[in-house]
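The values are calculated or read from the model by the stated rules, or taken from the named source; none is laboratory data. Since we're looking at a predicted model, the values are computed, not measured. For the accessible areas, the whole protein counts, side chains as well, though only heavy atoms, and no ligand, DNA or RNA atoms are used. Shrake-Rupley method; radii C 1.70, N 1.55, O 1.52, S 1.80 Å.
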Amino acid sequence: MNNSILEIKNYILFLKKDCNLEITLHPYENEHLISNSELISFNIHENPYCIYVKTFAEAQEHCVARQKKVLHKSASGSFCGSCYAGVKEFIYPIYDNTSLVGFISISGYREQNYESYINKCSNKFNISQKNLEKTILSLKSKIPNKSYVDTLIIPLIRMLELAYIKLGNISNDSSTIEEIKKYVNRHYAEDITIEQLCKIFSCSRSYICHTFKVKTGHTFHEHLTAIRLRSAKSLLLHSNLSVSEIAYSVGFNDSNYFSSTFKSHVGLSPMAYRKKQMIVSQ
């Protein structure tokens, strides 16, 4: 891994673990710096509420569309605002020299009057209001002072800007596999098949199976399962959704298959994992 990327990754992990900041990177220009590196893991929100809302395709597409508006607004400087689902977040622009290339989001905070956001979200996207109420409580209610967040995030901005300047002239060899990985990050909760991906990205099944394994070290299905289980863990720990609800929310069509897959990868059943983590956190 490039040293610059490794330093950025380690600093983000420090901010997440030691400073309790939920950070996501949203590139729009020169995406290869993030999408072709391990920084791609910071491209999606990890809090249970956002995970649940985005399991609904319409809400996911709406979120992606709104991010473009956030990008344009960030051109005027950093700000604090709320998304359509009632999540409070801090937004910081990222520049490549003088060009706006993306933004950083520090999210996971609950809007004070979140009930009105839940009502709109439920009606607009046909999402269970009861489940929205369950999962939104996982968001943090205490919002930090922006000057505190500035102090921690400005160094990250500088690191990213230097990385863009240093690596920006390197040709973008973003492959079809990288595009597929980005697609899966956004649509993992849907019924994704390799055949569908072949049509979307105009390539053969053998190309996806072989090249995905070569470039990632994992099969496509292993990669998809890992993303789904990561989201399932978050929902198990920070929501009151049942195991069946979580299974369907993250893309499993059968709750029994979800439970057996979860146990084979984690070593515990979903319920045992939830109980064990609750005991550890007490």
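Backbone geometry of the range 14-22 corresponds, through the Karplus equation with coefficients 6.51, -1.76 and 1.60 at θ = phi - 60°, to 3J(HN,Hα) couplings of 5, 4, 6, 7, 8, 10, 6, 9, 8 Hz, x marking Gly and Pro. Relative to the current alpha-carbon distance between T216 and S41, full extension at 0.36 nm per residue lengthens the span by 61.7 nm. With a 1.4 Å probe rolled over the protein heavy atoms of all chains, the accessible area of L6, L139 falls in the order L6, L139, largest first.
For K146, a cut-off of 16 angstrom between C-alpha atoms picks up these lysines, skipping any fewer than 8 places away in its own chain: K88.
Annotation: amide H-H contacts under 5 Å for D96 (H modelled 1.01 Å from N, sequence separation of 5 or more, or interchain): V101. You can think of it this way: the chain between N123 and K69 has 17.2 nm of extra reach, that is 0.36 nm per residue less the Cα-Cα gap.
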